1. Only one residue in A:Leu151, A:Leu104, A:Leu135 is of a type in the set (A, V, I, L, M, F, W, C), under 25 Å from the mean Cα position of the chain (by Cα) and not in a helix (DSSP H, G or I), so which one is that?
2. Tally up the residues in the range A:41-53 that are within 16 Å of B:Ala51 (Cα to Cα) and either in contact (Cβ under 8 Å) with a residue 40 or more places away in the chain or within 7 Å of chain B (Cβ to nearest Cβ) (or both), please.
3. Where residues in the range B:97-135 are under 26 Å from B:Gly55 (Cα atoms) and β-branched (Val, Ile, Thr), which of them is surrounded by the most Cβ atoms within 10 Å (Cβ to Cβ)?
4. Within the bounds of the range A:258-278, is there any residue that is of a type in the set (Lys, Arg), more than 21 Å from the chain's Cα centre (by Cα) and within 30 Å of A:Trp78 (Cα to Cα)?
5. Say we look at the range B:21-32 and pick out the residues that are more than 7 Å from chain A (Cβ to nearest Cβ) and touching a strand residue (DSSP E or B) at 6+ places or on another chain (Cβ under 7 Å); which of these is nearest to B:Val52 (Cα to Cα)?
6. Among the listed residues A:Leu157, A:Leu213, which satisfies the condition of being within 28 Å of A:Cys306 (Cβ to Cβ) and buried (at least 17 other Cβ atoms within 10 Å of the Cβ)?
7. Please enumerate the residues belonging to the range A:37-62 that are among the small types (Gly, Ala, Ser) and over 19 Å from B:Leu26 (Cβ atoms).
8. Scanning for something among the hydroxyl-bearing types (Ser, Thr, Tyr) and either crowded, with 24+ Cβ neighbours inside 10 Å or in contact (Cβ under 8 Å) with a residue 40 or more places away in the chain (or both), does the range B:445-460 turn up at least one residue?
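The values are calculated or read from the model by the stated rules, or taken from the named source; none is laboratory data. This is a predicted model, so every value here is computed, not measured. A quick note on method: Cβ atoms are made from the backbone with ideal geometry, for glycine too, and the neighbour counts reach across all protein chains shown.
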Protein chains: 2
Amino acid sequence: MPPSPYHQLEDRVRRFSALDDVAAILEWDLATMMPPGAADGRSDQVAALKAVRHGMLTAPEMGDLIAAATAETGLDRWQTANLREIKRKWAHATALDEALVTALSKAVSACEMAWRQARADADFATARPHLERLLGLIREVAAAKADALGLGAYDALLDEFEPGGRADEIDAVFRDLGDFLPGFLGQVLERQAAAPPARVPRGPFPIDRQRALAVRLMEVIGFDFDYGRLDVSHHPFCGGTVDDVRITTRYDEDDFTSGLMGVLHETGHALYERGLPREWRGCPVGEALSTSIHESQSLLLEMQVCRSRGFLGFAAPVMQEAFDGDGPAWDADNLYRHYTRVTPGYIRVDADEVTYPAHVILRYRLEKAMIAGDLMPADLPGAWNEGMEDLLGLTPPSDAEGCLQDVHWYDGAWGYFPTYTLGAMAAAQIFDAARRADPAIEPGITAGDFRPLFTWLGAAVHSKGALLSSRELLTEATGRPLDPEIFKTHLERRYLA
Amino acid sequence: MPPSPYHQLEDRVRRFSALDDVAAILEWDLATMMPPGAADGRSDQVAALKAVRHGMLTAPEMGDLIAAATAETGLDRWQTANLREIKRKWAHATALDEALVTALSKAVSACEMAWRQARADADFATARPHLERLLGLIREVAAAKADALGLGAYDALLDEFEPGGRADEIDAVFRDLGDFLPGFLGQVLERQAAAPPARVPRGPFPIDRQRALAVRLMEVIGFDFDYGRLDVSHHPFCGGTVDDVRITTRYDEDDFTSGLMGVLHETGHALYERGLPREWRGCPVGEALSTSIHESQSLLLEMQVCRSRGFLGFAAPVMQEAFDGDGPAWDADNLYRHYTRVTPGYIRVDADEVTYPAHVILRYRLEKAMIAGDLMPADLPGAWNEGMEDLLGLTPPSDAEGCLQDVHWYDGAWGYFPTYTLGAMAAAQIFDAARRADPAIEPGITAGDFRPLFTWLGAAVHSKGALLSSRELLTEATGRPLDPEIFKTHLERRYLA
């Protein structure tokens, strides 16, 4: 008897997945190892791989198999969820005709190139026509996907990063947070001004020692170097595959603290990947649930755990020993002040936990308006600066520190920004549930024992893969859907208590 | 007007080639970077890539396009050669049915695994049944390819490594060399015993300094690090792609001389790849001509150039400076004696230039006999030891130093061994022609200026890609087909003059 349509589908997607893994290793290689002269050849390689992958996913038999599998009876809960995710990916891939895919790919390349120059020159005008052209195509994509998925235009874009995510739910939580933050920030800054300033440990910090410290803390937390690596790239990331997780960082000889925290952030991503359900590897249901849940796992480790006073009590002497440090800058209390310092600024990637949501809320509002056709690129710099003034009380000195600072829109990632702050809120909510559920978790962190935390996270989050929606996952793990109150309580406890 | 069948074929093969490049990067990664736990996932990735590649090459349209392109008129010389090479690759790929490909792949995995243990235990008996099974399948492969290509069984296997190569031509040159070597070796050993022994520079040699020295000499020779890398792997190789050549080595802190010469050998491979015709990238005619010609380029650089007294006159002070060396071991004359020392031994990969051909001739004779059915694996150890006695006057203490030493047969590479010595002979012949053609070449080498050499090699060898057969290439570049006399003369000049 031949395998059922569902099982034929499963075989196929496992093959796609192996090719996705190949692409992930190539991407890591490009960022860490590839010599500059190889760039053209590499883009041919990636294009060939993408074309093969796209051809396999959009092959006519796929639609037939999906229809037949949907009619199949007797699928279990995981298989049903797997089929749902296969359908979703297939719908995204087949929603766009080839002409649109090609036009988009060219517009993205041109716009990203123009953006590099425009940002360097702080000259939005030169990027603007490219952004207009790209936005036009993104709106076509949104319309086509909205049609295929039965969603609104913005939701159709969001769905690629945040399956099942809806703008009206985000609107509600961001409104809540947007109302809370400006007043809260004022209180935090006032309080901070009254406290002793943080001392910054003085370097130079040799790179080999920084690396050894990062490796040591990664291992303490639970990263297994038999299944991953730590390397250097210009933009730190967590890539590779579930059994070959490749974290990158960059080292600043004058300041180890920021790079180290970046590594711990990526370690949170890595441990999520490592904890995904082994029996569903290579299937969509065995993959990470969404961008926001992925970010919740990195931010849980970075913001909830590693910037806490408890963890720093354990880590401060480890850091001090790593650099033979001396003096009050190495005290846990001082390092805690340093790692929880709040400074409103223009640049999102440099932002602290308190001001970061403002950067995201601004971008979310603006991109929604642009997708809806209510905001034109010509008016973007003005709208950006107004929003910054409202949310953080700052006006960027130029568009380089304003609407040109992030590559996202210029390289075609629309509907991505809100996941950062959804992830930060989910991180607070999941960690809050974890420490209530197992009283050994917080003392463990203080003692450098992460097993209780990751045992709980493994069971409640990692091992679920994409079985549930984000809403269902949060409800099962924490007792309720995303609730900004928990994030606000976390901020109040940390910054005002 | 749609592109002609020939141009459609060309478009297709360029896409295959991009996937081959991907596979090459993965292979490098596996050997240099991949953490151990990723092995299973990586083998799925490589299998998926291979399946896609094989499916594209053996798609039914390929046969039709090849037939139509063959009937096309007006193809130029390069296009004609490209079509010939496409046909050849297609014939190799389509000669085997799927059942045989699958059986072979499983037998190779099982046999290689059994070989690892058997070699560790010096116990041929445990590998024997696996080798018997594998040889049975290799003979089926040879028969199927012989049928498809209109060649003899051994020639059909050889053709994959040495397009157009023929066992009867190899028989003739190996007979000549086999007659010459034993007597010559006796003379060399006698003469060497009478000369002062080579002093070996004393370590330890820190790895970072060894690497810096290797990089410096690679750059002097012409390796451009904008288009390649130097890393570490257990078995050194030259991999990657034409614009991203990835050389590996390993470092021994007690002896830098052997690893360094290995790097220079791989640099010879690398510069061949870099010199292949740019306008034919991604096409079979733009690839390296054959395994023996590839090896001729590495051995030309290593054996003809870098082990010469002239080069060592330039390199000895560079080496000495790299390690702050002191004493007579760093004299160019001493290093030349060290780098040209002849020592008959059991192990091929440790062999010097004089005894290496004996190792190859032995393997060639034995594999030909096994393919012909005239030698059974059961009789291999005995036949091996007899051959070693005849050719080098040595009997291996165990099969680990005998017929178990090389992985080749056990991982399915049959028809490969002769290319090492064909390459060594071609290297001597090409270098001989080069220095006659341009009198600036030898003084250049002595002064550390490799431009005259690589200008000539680029024009005569590298830029030809796979336009010509090996025989035609050698005839155009040197005035005659492969002639063992030139190799013998080289050996006599270096070891007896």
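1. Values: A:Leu104 fails: not in a helix (DSSP H, G or I); A:Leu135 fails: not in a helix (DSSP H, G or I).
So the residue among A:Leu151, A:Leu104, A:Leu135 that is of a type in the set (A, V, I, L, M, F, W, C), under 25 Å from the mean Cα position of the chain (by Cα) and not in a helix (DSSP H, G or I) is A:Leu151.
2. Residues of the range A:41-53 that are within 16 Å of B:Ala51 (Cα to Cα), as a first pass: A:48-53.
If we keep only those that are either in contact (Cβ under 8 Å) with a residue 40 or more places away in the chain or within 7 Å of chain B (Cβ to nearest Cβ) (or both) too, we end up with A:48-49, A:52.
Adding up the residues that qualify gives 3.
3. B:Val108
4. Initial filter on the range A:258-278 (of a type in the set (Lys, Arg)): A:274, A:278.
From what's left, more than 21 Å from the chain's Cα centre (by Cα): A:278.
In the following step, the residues that additionally are within 30 Å of A:Trp78 (Cα to Cα) were identified as A:278.
Scanning the range A:258-278 turns up at least one residue that is of a type in the set (Lys, Arg), more than 21 Å from the chain's Cα centre (by Cα) and within 30 Å of A:Trp78 (Cα to Cα).
5. Initial filter on the range B:21-32 (more than 7 Å from chain A (Cβ to nearest Cβ)): B:23-24, B:27-28, B:30-32.
Narrowing further to those that are touching a strand residue (DSSP E or B) at 6+ places or on another chain (Cβ under 7 Å): B:24, B:27-28, B:31-32.
Numbers: B:Ala24: 15, B:Glu27: 17, B:Trp28: 20, B:Ala31: 23, B:Thr32: 25 Å.
Filtering first and then ranking leaves B:Ala24.
6. Details: A:Leu157 fails: within 28 Å of A:Cys306 (Cβ to Cβ).
Of A:Leu157, A:Leu213, the one residue that is within 28 Å of A:Cys306 (Cβ to Cβ) and buried (at least 17 other Cβ atoms within 10 Å of the Cβ) is A:Leu213.
7. Going residue by residue through the range A:37-62, those that are among the small types (Gly, Ala, Ser) are A:37-39, A:41, A:43, A:47-48, A:51, A:55, A:59.
Residues satisfying the conditions are A:Gly37, A:Gly55, A:Ala59.
8. Of the range B:445-460, the ones among the hydroxyl-bearing types (Ser, Thr, Tyr) are B:446, B:455.
Keeping just the survivors that are either crowded, with 24+ Cβ neighbours inside 10 Å or in contact (Cβ under 8 Å) with a residue 40 or more places away in the chain (or both) gives B:446.
Within the range B:445-460 (the criterion being among the hydroxyl-bearing types (Ser, Thr, Tyr) and either crowded, with 24+ Cβ neighbours inside 10 Å or in contact (Cβ under 8 Å) with a residue 40 or more places away in the chain (or both)), the answer is yes, since at least one residue qualifies.
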